[in-house]
Amino acid sequence: MPITRTDLAMECFENADGGAIPGTQVSHWESDGIEITEVLVTDNEAAQLLDKPKGTYLTLECPLLLERDPDARLAMATLLAEEIDRILPGGDGDAPVLVVGLGNRSITPDALGPGVVDRTLVTRHMLGAPWAQSGMNSVCAIAPGVLGITGIESMELVEAVVKTIAPRAILCVDSLAARDSRRIGCTIQLTDTGIQPGAGVGNHRRPLTRDSVGVPVISVGMPTVVYAATLARDAFAWLADREGDDEPHEAALADMEKTLLGGEMGEMIVTPREIDAIIQDASGIIASAINRALQPTLSDAEIAAMMN
């Protein structure tokens, strides 16, 4: 199986040798112009082969997001809200949902998590107020920053908050790495397996999962970077195809990518020049979906009014 630096389960499956993998189920469908791929990893051998924990991975793709199409953005937010609501565990009294925005605000491709937290309607402190609307769910949020700035692992901060507030679930948002550059800015992955920060770019940190914190962890992310070595491999493949070279070069290309990943280029990652707009749009889409899923009794206008 080729080396694959990606956080997207569907890309791990695409790059697996031989197509179908025992212990996995893959489904594809379309809804409102959004291509949906669901990957179910059901046994430990498949999880090890794909380097992904057992669980459900739902990927939503819509290239029109890169054109900032308003209808596409609305459709993506609506569908994502429905899927978050579907996998979110039911309420347990007044226990809140904790939204965790991972990433570094100072580095644009890594700022998705904090950007979503900034646009999430937090209500835990409001519920006792006489003007609080009935049916409003308890939500709180944290953007723990990164180890190099705070000197504290994100997981250490999250664990401390979980012990204090005892949330019914954690909804974690983070920037991801893709294998295919065409998925940057137009793909969202939702999974019930939690997240291992930095996994897609080879910077493994402590995982944020149900096993590590004791509550269900749902993660949402969008790819914002791709490896330079992967782009070089794809460029050679594209040039060969343009020149009409029909000879199979997959083994040579895979060997080249492996060599590049092991050299000085190995840790270089690339992001589009329009990444500022991508992060701004993605933060709005994901935050809108989270707000809709967590506050189903509030209208979009009510959510917006409470955010201002």
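The values are calculated or read from the model by the stated rules, or taken from the named source; none is laboratory data. Bear in mind that the values here come from a model prediction, so they are computed numbers and not experimental data. Counting neighbours? That spans all protein chains shown, and the Cβs are built from the backbone with ideal geometry, glycine included.
Could you list all residues from region 65-74 that are over 15 Å from ALA178 (Cβ atoms) and either crowded, with 17+ Cβ neighbours inside 10 Å or without any contact (Cβ under 8 Å) to a residue 60 or more places away in the chain (or both)?
Just the residues of region 65-74 that are over 15 Å from ALA178 (Cβ atoms), to begin with: 67-74.
Result: GLU67, ASP69, PRO70, ASP71, ALA72, ARG73, LEU74.
Right, THR123: among the hydroxyl-bearing types (Ser, Thr, Tyr) and under 20 Å from PRO167 (Cβ atoms) or not? If you could, list the steps in order and put the result at the bottom.
Numbers: among the hydroxyl-bearing types (Ser, Thr, Tyr): yes; under 20 Å from PRO167 (Cβ atoms): yes.
For THR123, the condition - among the hydroxyl-bearing types (Ser, Thr, Tyr) and under 20 Å from PRO167 (Cβ atoms) - is met.
Only one of VAL220, VAL161, VAL225, VAL215 is hydrophobic (A, V, I, L, M, F, W, C), at pLDDT 90 or above and in a loop (DSSP other than H, G, I, E, B). Can you tell me which? Exactly one residue qualifies, and that residue is VAL215.
You will find that of LEU176, LEU208, LEU171, the residue that is farther than 25 Å from GLN295 by Cβ, touching a helix residue (DSSP H, G or I) at 6+ places or on another chain (Cβ under 8 Å) and among the hydrophobic types (A, V, I, L, M, F, W, C) is LEU176 and no other.
Taking residues in region 110-126 that are over 16 Å from VAL158 (Cβ atoms), and partners anywhere that are among the basic types (Lys, Arg), the pairs with Cβ atoms closer than 9 Å and at least 6 places apart or on different chains are ALA111/ARG105; GLY115/ARG105.
Within region 236-307, which helices (runs of 4 or more DSSP H) (wholly inside it) include 3 or more residues that are farther than 19 Å from ILE107 by Cβ and at pLDDT below 85? Here the list reads 250-262. Would you point out the residue of region 191-212, among those that are within 30 Å of VAL270 (Cα to Cα), not hydroxyl-bearing (Ser, Thr, Tyr) and not in a loop (DSSP other than H, G, I, E, B), that is modelled with the highest pLDDT? For region 191-212, the residue satisfying everything is LEU208. Here the condition is being at pLDDT 95 or above and over 16 Å from the mean Cα position of the chain (by Cα); of ASP43, ASP71, ASP17, it holds for ASP71 alone.
Of THR108, THR120, THR150, THR78, which residue is in contact with an Asp or Glu (Cβ under 7 Å, 6 or more places away or on another chain), farther than 14 Å from SER219 by Cα and among the polar types (S, T, N, Q)? First the steps, then the outcome.
Details: THR120 fails: in contact with an Asp or Glu (Cβ under 7 Å, 6 or more places away or on another chain); THR150 fails: in contact with an Asp or Glu (Cβ under 7 Å, 6 or more places away or on another chain); THR78 fails: in contact with an Asp or Glu (Cβ under 7 Å, 6 or more places away or on another chain).
Result of the check over THR108, THR120, THR150, THR78: THR108.
Working only within region 128-173, note down all residues that are charged (D, E, K, R) and either surrounded by 15 or more Cβ atoms within 10 Å (Cβ to Cβ) or under 24 Å from ILE285 (Cβ atoms) (or both). Reasoning before the result, please.
Start the filter on region 128-173 by keeping residues that are charged (D, E, K, R), which leaves 153, 156, 159, 163, 168.
Within region 128-173, GLU153, GLU159, ARG168 qualify.
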